[in-house]
Amino acid sequence: MCFIVQPLYAARLMLGELLQRYRQEGYALIYSTGLVDDSKIIDWDGELSVESLRKVLQSAGLELNRVNRGTWSIERQQTIAPNAKLPTPEIPAFKPEAIDHIVVTASRYEVRGGDRSSYQLINETQLNDSPSFAGDSLRIIHRLPGAASIGISSKPNVRGGATDELLVLFDGIELIEPFHLRDFQSMFSSFNPQTIQNIEYFTGGFPAQYGNKLSGVLDIATQDTFTGPGGELGISAYSTSALLFTESGANQWLFSARRGNLDKVLNIVNSGLGDPKYYDLYGRYIRQFSVGRLKISGFIFNDDIRFESDESRASSKVDNRYVWLEWEIDPDERFYIRTFLSFGDIESLRTGETFAEDSSEGFLLDDQSLSITSLKHLQEFRVHDHLKFDYGFSFQHMKMDYDTRLDVRRGTIASLLGIPTELDEVVIAKFDGNASSAFVTGKYRPLNSLTVQLGIRYDRQDYANTGFEWQVSPRISMVFQPNKDWHFRFSYGRFYQPQGIYELQTADLETGFSKPQKSDHWILATEYELNKSSRFEIELFYKRIDDLKPRYENLFKPHVFTPELEQDRITILSDEAFTRGIELSYTGSSDAFEWNLNYSYSQVRDKENSRWIDRRWDQTHNLNAIGNWHVGNWNIGVAAAWHTGWTITEVPLKIPADEPFVISNFRSNERLKNYFTLDAKVSYDMSIKSTNLSFFIEVTNLVNRANKGGVDYEIALEDDLYLLEEVDVEPVFPLVGNIGLIWRF
């Protein structure tokens, strides 16, 4: 779907400006800058549609041809001799697709990326040119409204939700924890950005097509416009990558491989810290038939990680393997059908040991195995230009094995907090079950200025045995556009998140599933287009969460190797929760500069023991700025983030040992100092014959600010008193640099 509305206002403007508007609204346009004169003045009827653009291009001696769904090429008009016999055209007729191009869902942000040769066609500056920690370009979502982060994990907390409340789809297939170092804060995403065509990022109010998560959606579409043969080779301080593609007639092949270089970096800067190895592979074959398109894909991302510090050591081996087939049919302008058959297999083995003097003796072995077989069908049906339906269903069969063994002694802090000690537990469990869903959404435009979207979703699971095996989720959204500059959006939806068959916290001694969590989203938004290249948005949101499952946190030191073994591991049992706030965003671009400036004010709270308590990741004020300059062959990207410090728990330094100590009376009672980071990236492109070489250098936390991640305590028991002394934790990340080059051929 695209950000398209269709105002009927005539205008005279430059062709380059018009093409930029189409790109900003979601059209992927492929053309050569040598062919298209951006400065040519054209007459435009004000209607953002395929047919309108076709007429404009015809007046300039150009034609618009469809490459695939959502992608179009601009080519020179074919000249035919006056007496030549005209061939029968095989290109299907197109009509303005008004209802398709109106997005009524609030809280939706789009980031596009592609290969370097097409940087004028899609906005790859955000994905590829913006600075990011260790080259992980998907961290761009941390800079958009609704995300909370202190820079460690690649997974954000979306509008107050936990990190497991984000749905990740890759080419239509749901991926389970698609992050490297997933057992160590999920520090890096598993995707090569050069394989990505666009990312739809929802932070609330998403349509009924998406389910089983409370807070957000990352819907990642892979690039399928490669023409070959070609590829790229890249190397940086943190990864080595290769991308190869080719096409021949109706066939197209793509292969991507990346290996993390973090182990090489640690060998230089701190060889005693560990040996983290990880890689990801992605391959795809596409065959075009006269009646449709077959896509066969495979995705593997693996970790073999070992870390060690003065206080503990841990290791993690994770093997993720996915294979899927997609059959896509687009017979005419009324129907669009996608059917998926996928197979997933995930195996993980985690071991750990804690040996600090004042903490638990430790040891942990956590062995898990998951297999998933899925069938999913999606269909669109346009009745006419003002009415369209989306509907579909999915079915999953899953098998999950748990084998978890702990041998924990813990220590004085655990005694103070009432955490069980002297544990010697074994949890072995096997589950075999199904999950199914169905949805239907109708989008109707009763007036030229009003579009309404109604949807309902049904989900069912048979493995949990909680008495709440099915859920029904109604959703409604609408957009009102009184004139060409203003948009007003409203959205309400109910969302459920059942505990996945793979989500039992057996290392925290969970042996049974919780009933599905429930959330209601209310969103009111407005958007004002200041001019052709900039817009301003305001969004108010409120989210209520009920039936919360238990949450496990480390009270003082959250960023440790084996959190389940630590003395400060607590269980949070909340009655309900809410998040509310307002988000402001200003986005714009010019010939050489693109920017986004956004500010959020929000509150995120749990209700526990009749008290409203801020969640750890509550960041009341949040300000982000991104700027990208393109000057000749130089690209300069700068990003800054500032937000209120995350909450911490400070307890009295003297606590009577013979009196009950209720930690919920103190939890989240103080805050870390405000977080700030300034990041920068500079790259230079040069052409060598028919290839391109790009050099880059990027720096995270350029000012080397000591952002804190938590606090720690030393404790002693003397004369029936717990005596505590606060100790600062090391900074989250100091200044981190990255340098590399990419050769494209």
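Could you say which residue among F343, F355, F363, F335 is surrounded by fewer than 20 Cβ atoms within 10 Å (Cβ to Cβ), assigned by TED's automatic domain parsing to the domain that holds Q209 and either on the phi > 0 side of the Ramachandran plot or in contact with a helix residue (DSSP H, G or I) (Cβ under 6 Å, 6 or more places away or on another chain) (or both)? Let's see the steps before the verdict.
Values: F343 fails: either on the phi > 0 side of the Ramachandran plot or in contact with a helix residue (DSSP H, G or I) (Cβ under 6 Å, 6 or more places away or on another chain) (or both); F355 fails: either on the phi > 0 side of the Ramachandran plot or in contact with a helix residue (DSSP H, G or I) (Cβ under 6 Å, 6 or more places away or on another chain) (or both); F335 fails: either on the phi > 0 side of the Ramachandran plot or in contact with a helix residue (DSSP H, G or I) (Cβ under 6 Å, 6 or more places away or on another chain) (or both).
Of the residues listed, the single one that is surrounded by fewer than 20 Cβ atoms within 10 Å (Cβ to Cβ), assigned by TED's automatic domain parsing to the domain that holds Q209 and either on the phi > 0 side of the Ramachandran plot or in contact with a helix residue (DSSP H, G or I) (Cβ under 6 Å, 6 or more places away or on another chain) (or both) is F363.
Just a yes or no: is a residue in the range 223-234 at pLDDT 95 or above and of a type in the set (S, T, Y)?
No, that holds for no residue.
Scan the range 178-210 for residues that are crowded, with 20+ Cβ neighbours inside 10 Å and within 21 Å of T562 (Cβ to Cβ) and report the count.
8
Of the residues in the range 134-164, how many are charged (D, E, K, R) and under 11 Å from the mean Cα position of the chain (by Cα)? Step through it out loud before you land on a result.
From the range 134-164, those charged (D, E, K, R) are 136, 139, 143, 155, 159, 164; that's our starting set.
Keeping just the survivors that are under 11 Å from the mean Cα position of the chain (by Cα) gives 139, 155.
Residues flagged as charged (D, E, K, R) and under 11 Å from the mean Cα position of the chain (by Cα) within the range 134-164 amount to 2.
Within the range 212-230, which residues are in a strand (DSSP E or B) and either within 26 Å of F133 (Cβ to Cβ) or free of Cβ contacts under 8 Å to residues at least 24 places away in the same chain (or both)? Working first, answer last.
Initially, the range 212-230 is screened for residues in a strand (DSSP E or B), giving 216-222, 230.
If the condition is that a residue be in a strand (DSSP E or B) and either within 26 Å of F133 (Cβ to Cβ) or free of Cβ contacts under 8 Å to residues at least 24 places away in the same chain (or both), then G216, V217, L218, D219, I220, A221, T222 are the ones that fit.
Can you give me the number of residues within the range 174-213 that are more than 21 Å from Y238 (Cβ to Cβ) and either of a type outside the set (A, V, I, L, M, F, W, C) or touching a His at 6+ places or on another chain (Cβ under 9 Å) (or both)?
Matching residues across the range 174-213 total 15.
Conditions (1) more than 29 Å from F490 (Cβ to Cβ); (2) part of a strand (DSSP E or B); (3) touching a Gly at 6+ places or on another chain (Cβ under 9 Å); (4) not assigned by TED's automatic domain parsing to the domain that holds G709, marked per residue:
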| site | (1), (2), (3), (4) |
| --- | --- |
| Y528 | no, yes, no, no |
| I545 | no, yes, yes, no |
| V560 | yes, no, no, no |
| T587 | no, yes, no, no |
| K607 | no, yes, no, no |
| W612 | no, yes, no, no |
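Here is a yes/no grid of residues against (1) part of a helix (DSSP H, G or I); (2) closer than 30 Å to F666 by Cα; (3) assigned by TED's automatic domain parsing to the domain that holds N212; (4) touching a Gly at 6+ places or on another chain (Cβ under 8 Å):
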residue: F389; (1), (2), (3), (4): no, no, yes, yes
residue: G392; (1), (2), (3), (4): no, no, yes, no
residue: R410; (1), (2), (3), (4): no, yes, yes, no
residue: N434; (1), (2), (3), (4): no, no, yes, no
residue: L454; (1), (2), (3), (4): no, no, yes, yes
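Going through S186, S256 one at a time, which residue ends up being in contact with a Ser or Thr (Cβ under 7 Å, 6 or more places away or on another chain) and in a strand (DSSP E or B)? Spell out how you get there, then give the answer.
Details: S186 fails: in a strand (DSSP E or B).
Exactly one residue qualifies, and that residue is S256.
Out of the residues in the range 303-314 meeting the condition of being over 26 Å from the mean Cα position of the chain (by Cα) and in a strand (DSSP E or B), tell me which one is surrounded by the most Cβ atoms within 10 Å (Cβ to Cβ). Please lay out each step first, then the result.
Of the range 303-314, the ones over 26 Å from the mean Cα position of the chain (by Cα) are 306-314.
From the residues that got through so far, the ones that are in a strand (DSSP E or B) too are 306-308, 312-314.
Working: R306: 17, F307: 20, E308: 15, S312: 20, R313: 17, A314: 24.
So the residue we want is A314.
If you check I300 against the conditions, is it hydrophobic (A, V, I, L, M, F, W, C) and either surrounded by fewer than 16 Cβ atoms within 10 Å (Cβ to Cβ) or under 23 Å from the mean Cα position of the chain (by Cα) (or both)? Give the derivation first.
Details: hydrophobic (A, V, I, L, M, F, W, C): yes; either surrounded by fewer than 16 Cβ atoms within 10 Å (Cβ to Cβ) or under 23 Å from the mean Cα position of the chain (by Cα) (or both): yes.
Criteria met by I300.
Residues in the range 441-449: is at least one modelled with pLDDT under 90 and either in the same structural domain as S664 (by TED's automatic domain parsing) or outside any loop (DSSP other than H, G, I, E, B) (or both)?
First, the residues of the range 441-449 that are modelled with pLDDT under 90: 448.
Okay, now just the ones that are also either in the same structural domain as S664 (by TED's automatic domain parsing) or outside any loop (DSSP other than H, G, I, E, B) (or both), so 448.
Yes, there is a match, as at least one residue in the range 441-449 is modelled with pLDDT under 90 and either in the same structural domain as S664 (by TED's automatic domain parsing) or outside any loop (DSSP other than H, G, I, E, B) (or both).
Among the residues of the range 557-590 satisfying the criterion of being of a type in the set (F, W, Y) and surrounded by fewer than 22 Cβ atoms within 10 Å (Cβ to Cβ), which is modelled with the highest pLDDT?
Result: F578.
The values are calculated or read from the model by the stated rules, or taken from the named source; none is laboratory data. Being a predicted model, the structure only gives us computed values, none of them experimental. Note: ideal-geometry Cβ built from the backbone for every residue, glycine included; neighbour counts use all protein chains shown.
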